[in-house]
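Following: one structure in structure tokens, then a few remarks.
The values are calculated or read from the model by the stated rules, or taken from the named source; none is laboratory data. Because the structure is a prediction, the values reported are computed rather than measured. Note that we place each Cβ from the backbone using ideal geometry, even for glycine, and neighbour counts take in every protein chain shown.
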Protein chains: 2
Amino acid sequence: MKNFTFYNPTKVIFGEGTIEQIGAELSSRDHKKILFLYGQGSIKRNGVYDTIINSLNENKIEFVELDGVKPNPVLTKVHEAVALCKEHKLDTILAVGGGSVIDSAKAIGAGALYDGDIWDAFEGTIRVKESLPIFTILTISATGSEMNTNSVVTKENEDKKWPMLTGPCSYPVVSIMDPKVQAELPISQTINGAVDAIAHIMEFYFDGSPNTDVQDEFSEGMIRTVIKHSKILLADPTNYESRSQLMWVATLALNGVISSGTKGGDWATHMLEHSLSAFYDVAHGAGLAIMFPAWMKYVHEDNIAKFAQFGERVFGINEGSDEVKAVNSIYAIESFFKEIGAPTRLTDINVSENDLEKLADNASMKGALGSVKKLERNDLLEIYKLAF
Amino acid sequence: MKNFTFYNPTKVIFGEGTIEQIGAELSSRDHKKILFLYGQGSIKRNGVYDTIINSLNENKIEFVELDGVKPNPVLTKVHEAVALCKEHKLDTILAVGGGSVIDSAKAIGAGALYDGDIWDAFEGTIRVKESLPIFTILTISATGSEMNTNSVVTKENEDKKWPMLTGPCSYPVVSIMDPKVQAELPISQTINGAVDAIAHIMEFYFDGSPNTDVQDEFSEGMIRTVIKHSKILLADPTNYESRSQLMWVATLALNGVISSGTKGGDWATHMLEHSLSAFYDVAHGAGLAIMFPAWMKYVHEDNIAKFAQFGERVFGINEGSDEVKAVNSIYAIESFFKEIGAPTRLTDINVSENDLEKLADNASMKGALGSVKKLERNDLLEIYKLAF
């Protein structure tokens, strides 16, 4: 097991009926003037908005509202929000939504205390050292952003969908998670969330780390859990227990528990997907369902025993050599993605074959990718071709 | 899944060669005058003591030393340490050792800021609200105390081995865990640690909580990991990878990850064991190896499907009805405890049959025990008889 540091101070409040606690959580920490940030307005239809407003009012918390954060959130919106924070001297950010809103909040929180353009932290010329405190109410499970410091934002005019260099100040202080509010989510978002959670787990699982027995056990158990409960939700989207399991697993997938003692993940597939969604209007989870099997096909020979173990333990593939098990495990995860209705080919989302070179150029903009196998620009092109 | 709050701000620094970071961790937080608390002196033989002293000196941290914390730590030692903290106006506690030292540190940290006798928090007349900050260096893996707020101390003259009513202030700020320092641990302590970790996992696993798929997956995976690596360590006590796995699993067993969404554990077995070690000089892990199978025999009919699942997934018991699998799972865990050299009967540790009534009286001092089945004084007596 590799040496590691685990530190995750986010307080998670999980379960039905917990959202009304937000006002008390804010006021007990003396946060009095907040940015209330959200997305496209679904929270006004499912009652979450009213619950929050009541709780803020009851606790006498002033707020400035900003809506309109889009999936694949963009830097111009971050700039708009930073300006609001500075203008109104806001002391806290309340992000209500999924990963796009929470990722934006981290960039906004850092930007509000930074004199330059916070994009510097995405280019990597600075690392975030201070941030307005961030509170979240999670309404779409997928990215795990509610319990980590990650933030991915797109700079539209340069086609850069990049992660921010963050620090401990970007952990949400409190994240409230009520599985019930996801009961009426469009089924495509449930599917994308399930794929995203599995993809996060696989990034660590396949990164080539030695001696990760308990991490493997956790990872395999989480993937089995996602497979079981995403299938239940396809038939019964309001199933509270399955919503709960999927919600909590998506958080655990990227909160440091399973990554501790690993190399920190491979992440080539995520960067391959980020290029995809920088050019095409594709949900992150959908893009991952396409790119992960393609990546697996390209790299599995570099970690054949692990791919065989994956097949055995997650899909019960016990026949044949490790090579056979490894290949069959790739088809098994691809079949599962298909079964729940996720796309598995670039053609499923209307990517043009002419764009593959451009995608490879974009994905390799920061250099070679990956941990289990170093992937140069031409490797990335081959993977896009496998995904076509 | 039940509603829950997860909050665990302890920073874990894990791996070979990490102990020398202690001085920098303390001084970066402005802790300047500390109580350096440890046990029976094994840290002077394995080099840990010298590493710590060097690191404290390099970082110009003043310290007052107190050694002699015993296994099954006692209140008189806590009082002695509290007096030292007050006399020297110490601002921090550094606990170096296993659960007994770290549990004591939590009582001392709370006691140093409390005007009365900190035993009040064990009687339950107060709950701890403030504490001196606690830093730990873990040298014996077992209790998980390095990453939770638990503290169990014995009031010798009243035969009370009880847990303290703590709060978030009792989380260690930083815990440093170097698996290598456990290479020369007496094998009995390794065994006791393995049993203790498994026992913690089973307290949650068998507490009768509904809808805990991912928690079950984690729990079963952790127990399989402990079984695998404790067997390796019996043959090869210096195996770093097995030490690492056992160390990290023991922490994960009781840091809130697997308990989230459960009823919070059964804990009858732990209280049965606490009575045992209040009267007899028996290590906690050894007492648990005796009491857990006895408890399982007494209660398994109240949660037969879960006991069958345990047998299937942990020991591969696939034959027969759930009843048969459940019974066989109990014998399987008992056999494992025997195989690694843990005691499994009260006679193995020379408990007198005449004492069983006294043990049952003591264990029921605070009322009925347990979650999956409420156990009154006479139930507890029956379980002690099964363990005899």
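Miscellaneous remarks
- Residues that are within 14 Å of chain B (Cβ to nearest Cβ), part of a loop (DSSP other than H, G, I, E, B), of a type in the set (A, V, I, L, M, F, W, C) and more than 23 Å from A:Thr166 (Cβ to Cβ) do occur in region A:1-20.
- For region A:224-236, residues that are touching a helix residue (DSSP H, G or I) at 6+ places or on another chain (Cβ under 6 Å) and either under 20 Å from B:Ala253 (Cα atoms) or more than 14 Å from every other protein chain (Cβ to nearest Cβ) (or both) total 1.
Rundown of residues vs (1) within 16 Å of A:Gly221 (Cβ to Cβ); (2) more than 19 Å from the chain's Cα centre (by Cα); (3) surrounded by fewer than 23 Cβ atoms within 10 Å (Cβ to Cβ), yes/no style:
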position: B:Tyr205; (1), (2), (3): yes, no, no
position: B:Pro210; (1), (2), (3): no, yes, yes
position: B:Met222; (1), (2), (3): yes, no, no
position: B:Thr238; (1), (2), (3): no, yes, yes
position: B:Arg243; (1), (2), (3): no, no, no
position: B:Val249; (1), (2), (3): yes, no, no
position: B:Leu254; (1), (2), (3): no, no, no
position: B:Ala268; (1), (2), (3): no, no, no
position: B:Ala286; (1), (2), (3): no, no, no
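- Any hit, region B:24-34, residues being free of Cβ contacts under 8 Å to residues at least 24 places away in the same chain, surrounded by fewer than 19 Cβ atoms within 10 Å (Cβ to Cβ), away from every other protein chain (no Cβ under 14 Å) and under 22 Å from A:Asn3 (Cα atoms): no
Conditions (1) farther than 30 Å from B:Asn157 by Cα; (2) surrounded by fewer than 21 Cβ atoms within 10 Å (Cβ to Cβ); (3) of a type in the set (D, E, K, R), marked per residue:
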residue: B:Ile53; (1), (2), (3): yes, yes, no
residue: B:Asn59; (1), (2), (3): yes, yes, no
residue: B:Glu62; (1), (2), (3): yes, yes, yes
residue: B:Leu75; (1), (2), (3): no, no, no
residue: B:Val82; (1), (2), (3): no, no, no
residue: B:Lys86; (1), (2), (3): no, yes, yes
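- Applying the criterion of at least 1 residues that are away from chain B (no Cβ under 14 Å) and closer than 18 Å to A:Gln215 by Cα to the helices (runs of 4 or more DSSP H) found wholly in region A:239-330 leaves A:304-315.
- A:Ile232 fulfils the conditions (1) of a type in the set (A, V, I, L, M); (2) surrounded by 17 or more Cβ atoms within 10 Å (Cβ to Cβ); (3) farther than 30 Å from B:Phe14 by Cβ; (4) at pLDDT 95 or above except for a single criterion, (2).
- Residues in region B:359-383 that are of a type in the set (Gly, Ala, Ser) and under 23 Å from B:Val282 (Cα atoms): B:Ala360, B:Ala363, B:Ser364, B:Gly370.
- Candidate set from region A:67-101 (those that are among the basic types (Lys, Arg) and assigned to a helix (DSSP H, G or I)); member that is nearest to A:Ser27 (Cα to Cα): A:Lys86
- Failed item, numbered, when B:Ser188 is tested on (1) polar (S, T, N, Q); (2) more than 11 Å from chain A (Cβ to nearest Cβ); (3) surrounded by 19 or more Cβ atoms within 10 Å (Cβ to Cβ): (3)
- If the condition is being of a type outside the set (Lys, Arg) and touching a residue at least 40 places away in the same chain (Cβ under 8 Å), then region A:112-129 contributes A:Ile118, A:Trp119, A:Ala121, A:Phe122, A:Gly124, A:Val128.
Yes or no, residue by residue, for (1) charged (D, E, K, R); (2) touching a strand residue (DSSP E or B) at 6+ places or on another chain (Cβ under 9 Å):
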| residue | (1), (2) |
| --- | --- |
| B:Thr5 | no, yes |
| B:Lys11 | yes, yes |
| B:Gly17 | no, no |
| B:Glu25 | yes, yes |
| B:His31 | no, yes |
| B:Ile34 | no, yes |
| B:Gly41 | no, no |
| B:Asn46 | no, no |
